[in-house]
Each structure stands twice: as C-alpha cells, then as structure tokens.
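Here is the structure we will look at.
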Amino acid sequence: MEKLSITRPDDWHLHVRNGAMLRTVIAHTAQQFGRAMIMPNLKPPICTVAEALSYREEILQALPKNADFTPLMSLYLTANTTVEDVKAVSSSEFVKAFKLYPAGATTNSDAGVSQLSGIYPILEALEKYDIPLLVHGEVTSAECDIFDRERVFLETQLSDIAQKFPALRIVVEHATTKDAVQFVLAHGPNVAATLTPQHLLYNRNALLVGGIKPHFYCLPILKREPHRQALVAAAVSGNPKFFLGTDSAPHSQALKENHCGCAGCYSAHAALELYAELFEAENALDKLEGFASLYGADFYRLPRNNSTITLTKQEWRVPASYGEAECTVIPLRAGEVLRWQVVAP
Ligand code: NCD
Ligand code: ZN
C-alpha cells in the first residue's frame, strides 16, 4: 500500500466557533494538525489577549483526551485596537497575530475596519513588534464585482500598506486569484499567502453549474479556472511563501442551505487528504511536506513540529454530515469517496 509520512502539519487559518459547534468540529483538526491559527470572528469578536486566552481555554476543554494539538490565537483588528493590545501580543506565548477584516467582507465581520488609514498607527506597531498581519483581502464597496474584490483590494489597499510598512509581515489569507499569487511573489519574504483546499481543487463552476451549490459558497468566492491553476502552481512550487490554511469554516446545514446562505466551506474532516489528492494529481507529493508542515511554522518563526503523520492510499467514504441538530455540518465531498486517508496514530 502506498504510504506517505511527513512532519505533522499545521493549519494556519481555521474557524472552530465556540460552544456546541466547537465541540462538534475540533477533533477533526486535532487529529491531523499539530497547531492551528484560530480565527477571531466570533460574535462578539475576540479583540484582546485576555479574550483570546479564555477562548483558547474553551478550545482546550473541547479537545479529545490525549490530543497532540496546540491552538494558536489571532486577535480581531478593529478601529478600537490599541498599541497596548499589540504590545500584549508581542509578549504572549499563544496569541500570535492580528486579523484584518474589511468591515462587511465576510461572516461576522461587522466589527471590521472601514478606513484603513485609521489603523496605520497599529500597523506601525505590528511592524515594530514583528507581529504578523493576517488579511482578508477583499474590498467591500457595493460597486465592485464580487469576482474582482480580491484583486482590487490588493491593488488599491494592500500594496499601499506593504509599501508604507515594508518590514510588516503580511499573510494574504485564502488567496484565490493569480493576482494574489503575483502580489506575494512581487514582495519580499515577509509577504506570504495561505491556500485552501477548496480554492485549489475547484473553480466557480463547482458553485454554479447544474444548480446553486451552497456548500461551495465561501469568501473570497471561487474564481475562474486560470486563477485556480495559478494557485496550484504556487502551492506545488516549493516556494515557502505559500503554505497551508484550510479556512475550514463550519456553518449549520440550515444556514448554508438557505435563501441567503452563509459563506464558508467545511474541510477539517479531510483537510490533509484533500491537499494530498491535489499534490498527487500534480505529481508533486514530494512538495506536500514543505507546504503543509514546514513553511508556515518558519514564517511564524515557530519550531517545526517534531512528530510525524502518515497518509495511506486507502479509499474511504466521507459521511453525508457531521454533528446533529443546529450543529449539523455538511463537509466538502459529503458522501463521496476519497483516495487518501490519514492513519490514526
Ligand atoms: C469564514 C467564516 O465562515 O467564518 N467564511 C468564509 O467563507 N471563508 C470567514 C472568512 O474567512 O472569510
Ligand atoms: Zn477564514
């Protein structure tokens, strides 16, 4: 049987929510990943180190016994974020980044920033204290076409920020376009991107052909095939500026299959398997470990994990759903057969 052992990977962009949903989903991530960067877009958002540490406690409580998993936290950057908040992160063991959401860009982003120039003092502090800025890179202006929102954000906002704060470490989260790939390549080693399984495996046809498929609706929205191809080329290139971040984002089935379905794909149940499938199809399984397990840790200046994880070529069928009642989640590839499987430790 074909096997692949790699350093235990990390997920550098993950939503786990709280309460019953957290308890429904967290074991999936803890089984595969050594660490995950937990997104702060709860209601209300996680804005201070104290809030992040108490959220982290809740995550630790929800973990299966003997889990080999460390949640790392990010803070939600708002117009009220202070330089003191930045300083607090710089001396925190478990809070490692700030997340910038343009106001209204995505799920629970109402508290986001509407005037980027207003947060320049905070960006200056992030640069000074060398704390990564994680960016949801989309403009939110009503006139901007949803398929152009990432490109326009990079052109009109993020390039200014990168120029004004040249040493600021920036992660273009869930990059979805060739423009984002070019943006990352055009900047120094302090500018990187995470890539999700859905944006690497699917283009917008998955969402819109043969009926509207709400479980493929996420933000930034799936793009045209040439964009997907640019993301794939970046992922398998071995360039350390591109690393794994699933953006697994659980929502209840009822809220996804809705007249106004919410944004987010759930992939934590099979994250590494989905990436392995892609890297295999690209004849690049030898590049999976760097992408999944090494480059992200290096970017965050954290030690690489010292345990390993094994994937085997063993078919298994993804359940039709996980969880129950209002925590019923429909995963990517629900009811379908996957080729790779993570071996239980
Ligand atoms: C995320 C969520 O549901 O929290 N949704 C998504 O479509 N990606 C938010 C985000 O990362 O944009
Ligand atoms: Zn996200």
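The values are calculated or read from the model by the stated rules, or taken from the named source; none is laboratory data. As the structure is a prediction and not an experimental result, all values here were calculated from the model. Here the Cβ positions follow ideal geometry from the backbone for every residue, glycine too, while neighbour counts run over all protein chains shown. Surface accessibility is based on the protein's heavy atoms, side chains included, excluding ligands, DNA and RNA. Shrake-Rupley method; radii C 1.70, N 1.55, O 1.52, S 1.80 Å.
Does any residue of the range 316-336 turn out to be more than 19 Å from the chain's Cα centre (by Cα), among the charged types (D, E, K, R) and either closer than 19 Å to Leu14 by Cα or part of a strand (DSSP E or B) (or both)?
yes
Any idea which residue in the range 17-44 is least open to solvent (accessible area, probe 1.4 Å), counting only those that are more than 14 Å from ligand 2 (Cβ to nearest atom) and under 16 Å from Thr106 (Cα atoms)?
From the range 17-44, those more than 14 Å from ligand 2 (Cβ to nearest atom) are 18-24, 26-28, 30-35, 43-44; that's our starting set.
From what is left, the residues that are under 16 Å from Thr106 (Cα atoms) are 43-44.
Values: Lys43: 161, Pro44: 103 Å².
For the range 17-44, the residue satisfying everything is Pro44.
Mind listing whichever residues of the range 194-220 are of a type in the set (Val, Ile, Thr) and either assigned to a helix (DSSP H, G or I) or open to solvent by 10 Å² or more (accessible area, probe 1.4 Å) (or both)?
Those that are of a type in the set (Val, Ile, Thr) and either assigned to a helix (DSSP H, G or I) or open to solvent by 10 Å² or more (accessible area, probe 1.4 Å) (or both): Val209, Ile212.
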Determine if the range 255-264 includes at least one residue that is open to solvent by 60 Å² or more (accessible area, probe 1.4 Å), outside any loop (DSSP other than H, G, I, E, B), at pLDDT 95 or above and within 15 Å of ligand 1 (Cβ to nearest atom). yes
Only one of Leu72, Leu77 is more than 18 Å from Val16 (Cα to Cα), open to solvent by less than 20 Å² (accessible area, probe 1.4 Å) and out of contact with any helix residue (DSSP H, G or I) (no Cβ under 6 Å at 6 or more places or on another chain). Can you tell me which? Leu77
Tally up the residues in the range 86-110 that are touching a Ser or Thr at 6+ places or on another chain (Cβ under 6 Å), on the phi < 0 side of the Ramachandran plot and either open to solvent by 50 Å² or more (accessible area, probe 1.4 Å) or more than 12 Å from ligand 1 (Cβ to nearest atom) (or both), please. 2
Here is a list: Val236, Val181, Val191. Which entry is touching a residue at least 24 places away in the same chain (Cβ under 8 Å), open to solvent by less than 10 Å² (accessible area, probe 1.4 Å) and not polar (S, T, N, Q)? Val191
Out of everything in the range 111-129 that is among the small types (Gly, Ala, Ser) and more than 21 Å from Cys218 (Cβ to Cβ), what residue ends up being least open to solvent (accessible area, probe 1.4 Å)? Ala125
